[in-house]
Amino acid sequence: MGSRPVKDASLSDALVHLGRGNPVSGRSVNLPIDQSSTLLFDTLAEFEAARAGRYQHGTLYYGRYGNPVSFALERMMATLEGGSGCVSVTAGLTAVTLALMGAAKAGDHVLVADNVYGPTRGFCDSVLTRYGVEVAYFDPMVGEGLAELMQPNTAAVMFEAPGSGTFEVPDIPAIAGVARAHGAVSILDGTWATPVFCQPLTLGVDVVVHSGSKYICGHADAMIGFIVCNEARYAQMRKMALDIGDKAGAQDVFLALRGLRTLEMRMRHAQDAGMTVARWLAEQPQSLKMLHPAFPDCPGHALWQRDFSGAAGLFSVVFKPCSDAQLHAFVDALEMFSVGVSWGGFESLVLPVKPHRTAKPWTEEGRVVRFSIGNENVENLIDDLSRALKHLD
Ligand SMILES: Cc1ncc(COP(=O)(O)O)c(C=O)c1O
């Protein structure tokens, strides 16, 4: 396992205590669901001061700009990531899109890793380009070679660690360093690792985005996103989110705060259960290759060892080539894995993946299938897989 910047003991304490020191909490353990929209002022002078400071974290002006509970959650996320500030938004995809919009303007050029989450690519291709931003894709394993792709107008470098569906681990400090040297904003989607297993801002990244809908909320019943920034980029990102008018919902803010309390132990379980299932899958005759950062043949495995302190329970397997009918029969035969696009909840999920690449062709032969390992009994999960895998023979 790689080294982690926050010691386990202090992380555990942080997950219990951060974000609770708010006067509105009274004597309850948890902060309430704060539904407020209109906030009231006793004097016009107080109102005017609030309006003048509305872009600042902690200023109570109007519900869309934040309330005591969303501010507490944002402070907590910023602290866990080692950042200067955080904006909580409607969903993980919103965090991605707002961060890109906060970084780039018409006439700019943006570099995006070839293995990003599909809708991130979709936003870049269909929205950013429509607003006059040029988008180019790069091989996520490029490392310092990214410098050759930088242009004078490159405003942002967007990447994921590890990549969606295929789990290559990029050289985070190298890519962030190249971006910074060229004055571009580095934006990393850190949803897989959560701040428990990696803190990209401490590795030189400017902005880390998260889908809190995954492990952070952890129960497949909330949608929320986070944009966590270093000092240099915080004001610009916060202003973009507030100007667009986005705001995480009150109930989702509550669920994220609650989910964070148990995040560390859930991540440790996800790692242990995920590794047990992955090790078993790796030995099956139907498996060609594991796409899992903790496996030596995964591109960037050594970088994962260097920069991460653990592995989430989401990974893919390249199975031997088979027919569509066989693939369907395998997935449909699974009784403990449901088909679903999200992950990071308590339930196990399975999803065939078709890697879409434009910078460097995807050359693995075989069928890529992604698994999210939940909290079920691991032996039962393996028995289930063992039965279903016969359809791939
Ligand atoms: C890596 C990654 N980033 C972002 C998102 C988007 O998050 P949300 O579903 O909260 O919009 C997802 C969703 O699957 C994801 O896998």
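Observations
- Test: ALA302 is over 25 Å from LYS390 (Cα atoms) and buried (at least 16 other Cβ atoms within 10 Å of the Cβ): no
- Residue among GLY177, GLY163, GLY204, GLY183 that alone is closer than 29 Å to ILE373 by Cβ and modelled with pLDDT of 95 or more: GLY163
- The residues of region 104-141 that are part of a loop (DSSP other than H, G, I, E, B), surrounded by 18 or more Cβ atoms within 10 Å (Cβ to Cβ) and over 21 Å from the mean Cα position of the chain (by Cα), listed by number, are ASP108, VAL133.
- Boolean, PRO152 is away from the ligand (no atom under 11 Å from the Cβ), in a loop (DSSP other than H, G, I, E, B) and surrounded by 23 or more Cβ atoms within 10 Å (Cβ to Cβ): no
- Meets criteria (of a type in the set (S, T, N, Q), within 16 Å of the ligand (Cβ to nearest atom) and in a helix (DSSP H, G or I)) for GLN271: no
- VAL96 more than 11 Å from the ligand (Cβ to nearest atom), β-branched (Val, Ile, Thr) and in contact with a strand residue (DSSP E or B) (Cβ under 7 Å, 6 or more places away or on another chain): no
- Among (1) small (Gly, Ala, Ser); (2) farther than 26 Å from ALA176 by Cα; (3) away from the ligand (no atom under 16 Å from the Cβ); (4) touching a residue at least 60 places away in the same chain (Cβ under 8 Å) - the single one ALA235 does not satisfy: (2)
- When VAL135, VAL142, VAL178, VAL169 are checked against the criterion of being under 12 Å from VAL116 (Cα atoms), more than 13 Å from the ligand (Cβ to nearest atom) and in the same structural domain as PRO119 (by TED's automatic domain parsing), VAL169 stands alone in meeting it.
The values are calculated or read from the model by the stated rules, or taken from the named source; none is laboratory data. Just so you know, these numbers come straight off a predicted model, no measurement behind them. With ideal geometry, Cβ positions are generated from the backbone for all residues, glycine too; neighbour counts draw on all protein chains shown.
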